[in-house]
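To start, the structure under review is shown below, and the notes come after it.
The values are calculated or read from the model by the stated rules, or taken from the named source; none is laboratory data. The structure displayed is predicted, hence computed values, not measured ones. So basically every Cβ, Gly included, is an ideal-geometry build from the backbone, and we count neighbours across all protein chains shown. In case anyone asks, the SASA skips ligands and DNA or RNA and just uses the protein heavy atoms, side chains included. Shrake-Rupley method; radii C 1.70, N 1.55, O 1.52, S 1.80 Å.
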Amino acid sequence: MQIERKEQLSLLMDGEITDDNFIDEVLRDKNLQSCWHRYHIVRDAMRGKLHNSLLTLDIANQVAKALANEDTYHQLAEQPNPNEVLVPQKHNLFWIRVKEVMAKVSQVGLAACVTLGIIAGVQYYQGQTEDSNGVPPTLNTTPIGVNLAPVGGISQQDDQQILEKRQYDKIKLLLQDYELQKRLNAH
């Protein structure tokens, strides 16, 4: 039946039907009026005569109907009544304070335990045997198989050679001085 009405509405738009009873029916029926409006918008869009003012969306009525059908918020039975709020008693306040103090003491105790664990770990690793260079294994950052030179560019072998050369030169000077003293005193 609805399809027949829409067909008659389409014929009325095209000017092929002029039934006054159907026109009165369109004036009384909101669904046929909205269909009439949509058909005109489609026709204007197809002809390229569509104006932006015709495309206003009036959804306020639909939103109002949806809100009216919506369930309202019901208070839960478990919520406390504002008139029945209990005031804490004096002996309860003492235990609340004790609970707060114990919470803080337990936090300090936990921090002390962590600190003790760190100190014990450091002392344990310091007591382990040191590497051949005298560096504890935890602090040894030298890669294996690599000979490193000091920052100044002089290695320990060079220092040792320089020290031996100085000692040799010093002994050589002492011998020369001895030979010189011996010649002077011999005459």
TODO: Give me the distance in nm between label points sitting 7 Å out from Cα along the Cα-to-Cβ direction at Leu184 and Gln2, one decimal.
DONE: 13.7
TODO: Work through the residues other than Lys172 whose Cβ is under 15 Å from its Cβ and net out their charges, Lys, Arg +1 and Asp, Glu -1.
DONE: -1
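For every other residue with a beta carbon closer than 15 angstrom to the beta carbon of Asn92, add +1 if it is Lys or Arg and -1 if Asp or Glu, then tell me the sum. Let's see the in-between values first.
On the way: positive: Lys90, Arg97, Lys99; negative: Glu100.
Computed value for this residue: +2.
Per residue, how large is the accessible surface of region 1-48? Use a 1.4 angstrom probe and give square angstrom.
Details: 3700 Å² over 48 residues.
That works out to 77 Å² for each residue.
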Open item on the list: Output wanted: per-residue J couplings in Hz (rounded whole) for region 164-170, from phi through Karplus 6.51 cos²θ - 1.76 cosθ + 1.60, θ = phi - 60°, x for Gly and Pro.
Closed with: 5, 5, 5, 4, 4, 5, 5
TODO: Provide the per-residue ³J(HN,Hα) series for region 101-108, in order, calculated from phi with Karplus coefficients 6.51, -1.76, 1.60 and θ = phi - 60°, each as a whole number of Hz, with x at glycine and proline positions.
DONE: 5, 5, 5, 5, 5, 5, 5, 5
TODO: Starting from the Cα of Lys170, draw a straight line to each of the lysines and keep only those under 25 Å, dropping any in the same chain fewer than 8 residues away.
DONE: Lys182
